[in-house]
Structure formats: structure tokens, C-alpha cells
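Everything below concerns the one structure shown next.
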Amino acid sequence: MLTASDVTEVLREIVPLLRGGWIQKIQQPTDHTLILEVRVPGQTHRLLISCRPSLARLHITTHSLANPSTPPPFCQFLRAHLQGARIDDIRQIGNDRIVELQITGRSGAYIMVCELTGNKANILVLDAERRVLRDLTRRHRLAGQVYVPPSRRNTNHETAPGRFAGKGKGMFPVSEAIDAYYREQEAAQTIDRIKEERLRVLKKTLKKEQRLIDAWRNDLSRATAYRDYARYGELIKANLSGIRKGTDHIAMTDYFDDRLPTITIPLDPMKSAQGNMDDYFRKHRKYLAAERTLKPRIEQAEHGIERLRQELKQIEQGIWTPPAIPPAHLNAATTIRATTSKGHLATDQRCGPFRRFISTDGLPIFVGRNARENDELTFGLAKSDDLWLHARGMPGSHVVVRLSKGTDPPQETLRDAAMLALLYSDLKKSGKGDVIYTRRKWVKKAKGQAPGAVIVTQEKSLHVSLDKNRLAALKNRTS
């Protein structure tokens, strides 16, 4: 985080530029970051203010950050009261990591307080009497109270010389150096967060998949007990006339064994000879079906588990490389939970279950491959605020877009996800159709129906046509 000396240096650079400027645009690209576009004669500067713990800072930036389609409540408040306002002054309070912006808006004077104080960093808006109107971290107990600055701790690094003077080469060298340093820190923290979440998802998925394999093996083991039942059925068939109802066993020569041993075959005394024979043939068919379906399923799942274990090993050894995040979305990616299971690029990417894509805007998209995966995706991986899509009125895959809480999907991401819902449905044949979408919380299981059957409310629809270029771009961004 910035030290008090760093704050002094950056203010020495930016105050002459921004004093008297007009705030013409306010953005909140992430939960803890604001960008004020300040217009001064002949120029527009972008002031970045972050109260993200360990990365709290204030400086001029020339980089663009992706913004949510719907501004967060704090941003809406600022736009209502401070957009179009004039910055009268910017000053550091008490040689501390606290900066105040004195602002005059249409409805009077305001003060924006930027507390760049580590874990308790915050951004507050005060009225002319210094009463708290709103704060970014939503400490509601502060509203209406007279603002009291946090107590200052005297530490050596607070009074040490600034670290960024002379390191930048542009028009705003201190801001440039701070921006470069913290962008690198944010990228590193994003990667660490993705690794941690991926590690959690891998361990959880491995346990779940192993339990599934164990269940399949138990089913196969039980079915294997019926392996010889076709032989028993044939022997009963050869002796139908000699078996009376009420008999609980029969001893006969096993003609299928060259040694011709005498074997005893259990019978259900409540059934006829024909009924017992049919039971033995039916159970043998069950064994054959289990061999045919469960063995390949177990083999495929074991391959998937081996891939997950290899990835887990790579993470633990520090040689794992996460999916690429577009630079413009590095900040946004830090707020995403991939999710993509549980964990909705995203911090929730998974190998094995689900098809996985990265949208144009860098958001994770998950696509179920069958009824079981559809059910797991919708009711296991997806969070309540995630976007859920499906081809209207047609069999097809469930599609989930991992979203941060309180955000709406960008339009390009919506079209990407709708395109995938169309592609992996029966609408693919016609190449166009309607796709419904809603929040995951409005999707409920259909009671008594097969896995993947759902009831959807509050849905909207989007008409899409298959676009080869868009699909090619999505397939190049699989994860």
C-alpha cells in the first residue's frame, strides 16, 4: 500500500493538474475502485482511487478498466451528487494516508475522503458539515455521523522517503510508477486467488468424482453376482417339468461343465418354474447391461480423475499456469468467485465436467454435456446471481455465466453464452432460434422429473443465429 510519503509525492504531482477541474464521468470498475474523469482546460485526466486492502492508492492512470453494465449503488450515488461538480482542492490530512477532495456540486459542497489505510481503507462522501452521507465499504453505522479520521499509527515506513519519485518517465512520472507497480501486484494477487480457488475446486471435485466411481463400482460388483445366471436359467429351462411351485431349491447336473458336477440352484418358492427361470435370465441381462455401460463410464471417469490429480500436483509444485486473463479485465477478474463451480477464468475453472469457455469480456461460461451435468451445473456449480441460459422449448445444454454479485452480464458475453446455448441444442439444426436467460435463482428443479428438468421464471429471451466467427473465437478461448 502507499505510505504517507508516497501520498505526499503523488499529490504534489496531481493537485496542480486537477484543482479547479470538473468531474465529467464517474466509474466503479470493481468493488473497491473508483475512476473520476476530470476535465481541465484542454485535457481530461483519469484519477484512480482504490481502497482495496493492501492495494489502496490514488493516482492518475491512463489505462482503461472494464465496467459492469449496471453501476454499483455507491457509483450511482456519486453520479447523482458529484458528476459535473468542480474539484476545489485536494489535500493530505495530517501527513497521513488520508486524502480529501473538496468538491462543489449542483446541490452544494461535498467532501470525498479517501482513507488509504490498509485493511480498513474506505472512501466516504461527507456533507458541508462533515457528516457521513455514504461510504464505499457500506459501514452503515457511519451514516449521519460526524466524520472522525482513523487514529494514526506511527511506523517507520510511514515516514520513509517516497518510493516512486523518479521511477516514471511519462507526463506524470509518480502516477505512472505507482500505476505500473500496483497493476503488477493486482495481477499477481489475481493469479494467486485463481490458484487458491482452483485448488479448492479440484479437491472438492476429486472427492465427488471418486464417490461417484465408487458407487458405480459397487453397482458393477452387485451385477457381477448375476454372471452365471444365464446358465442357471438354461438348466431350469431343461427341467421345467420336474420343478413344482413351492420348491426352494433344485439339485441337477450342470451340463455346461465338462466334469458334469451336481449343483444346487436356489428357487423362489412363491414362483413357478417358469417364473424362476425368467428371473435368472432377467438378472443376467442386468449383469450384461452393467458390464456394457458401467465399465466404460468408470474408465472415462478414472481418466478424468487422473487429469485432475495431475493438475492438482502442478498447482502444489508451483508449475501450474492459469487461463489467460485479458489485461483489460484483470481488475474485474479479481472479484469473480468459477468459477466455474463451485466456482462460477474465473476462479472456478474445472477440467473434466462441463464444457468451458471464456467470453469476449473475459468471463467464464460453463456448458453441460448431458442431463447429469446439466443438473450438476445448475444446482451444484452455479451461484444464485449467475446467468442461466437454455434454448427455448428444445432439448439442449444448460449454460451458466459466472457473474460477480450485483453485476449484469455485458452484452457481448450475453450473446456469447446465447450462441453456445443455441449450438448445444436441437436448434443447431436450423441455425437460429430463441434462447431464454435469467438469474440462476429463478431456476428450480422440476419435482419428480429426470435430471436436468427445470422450471424457469422471470426469464427474458434473445433471438440468435449461429455466427461462425463468434463460435471460432469462443472455441479458441476454451479453458
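The values are calculated or read from the model by the stated rules, or taken from the named source; none is laboratory data. Bear in mind the structure is a predicted one, so any value in this text is a computation, not a measurement. Glycine also receives a Cβ, built like all others from the backbone with ideal geometry; neighbour counts cover every protein chain displayed.
The table that follows gives values for the structure above.
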item	result
Criterion (under 14 Å from the mean Cα position of the chain (by Cα) and loosely packed, with under 15 Cβ neighbours inside 10 Å) met by exactly one of Lys447, Lys383, Lys405	Lys405
Condition check for Leu36: in a strand (DSSP E or B), modelled with pLDDT of 95 or more, touching a Ser or Thr at 6+ places or on another chain (Cβ under 7 Å) and surrounded by 21 or more Cβ atoms within 10 Å (Cβ to Cβ)	no
Single unsatisfied condition, Ile14 versus (1) out of contact with any Cys (no Cβ under 8 Å at 6 or more places or on another chain); (2) assigned to a strand (DSSP E or B); (3) crowded, with 18+ Cβ neighbours inside 10 Å	(2)
Number of the exception - Tyr424 against (1) in contact with a Pro (Cβ under 9 Å, 6 or more places away or on another chain); (2) of a type in the set (Ser, Thr, Tyr); (3) over 15 Å from Ser359 (Cα atoms)	(1)
Residues that are under 54 Å from the mean Cα position of the chain (by Cα) and not in a helix (DSSP H, G or I), drawn from the range 209-243	Ala225, Tyr226, Arg227, Asp228
Flag if Ala251 is part of a strand (DSSP E or B) and either surrounded by 15 or more Cβ atoms within 10 Å (Cβ to Cβ) or among the small types (Gly, Ala, Ser) (or both)	yes
Test result for Ile194, farther than 30 Å from Phe281 by Cα, at pLDDT below 85 and part of a helix (DSSP H, G or I)	yes
Residue identified as of a type in the set (Lys, Arg), surrounded by 14 or more Cβ atoms within 10 Å (Cβ to Cβ) and in contact with a Phe, Trp or Tyr (Cβ under 7 Å, 6 or more places away or on another chain) among Lys245, Lys195	Lys195
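Here is a yes/no grid of residues against (1) at pLDDT 85 or above; (2) part of a loop (DSSP other than H, G, I, E, B); (3) under 20 Å from the mean Cα position of the chain (by Cα):
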residue: Glu129; (1), (2), (3): yes, yes, no
residue: Val132; (1), (2), (3): yes, no, no
residue: Arg152; (1), (2), (3): no, yes, no
residue: Met171; (1), (2), (3): no, yes, no
residue: Ser175; (1), (2), (3): yes, no, no
residue: Ala187; (1), (2), (3): no, no, yes
residue: Thr205; (1), (2), (3): yes, no, yes
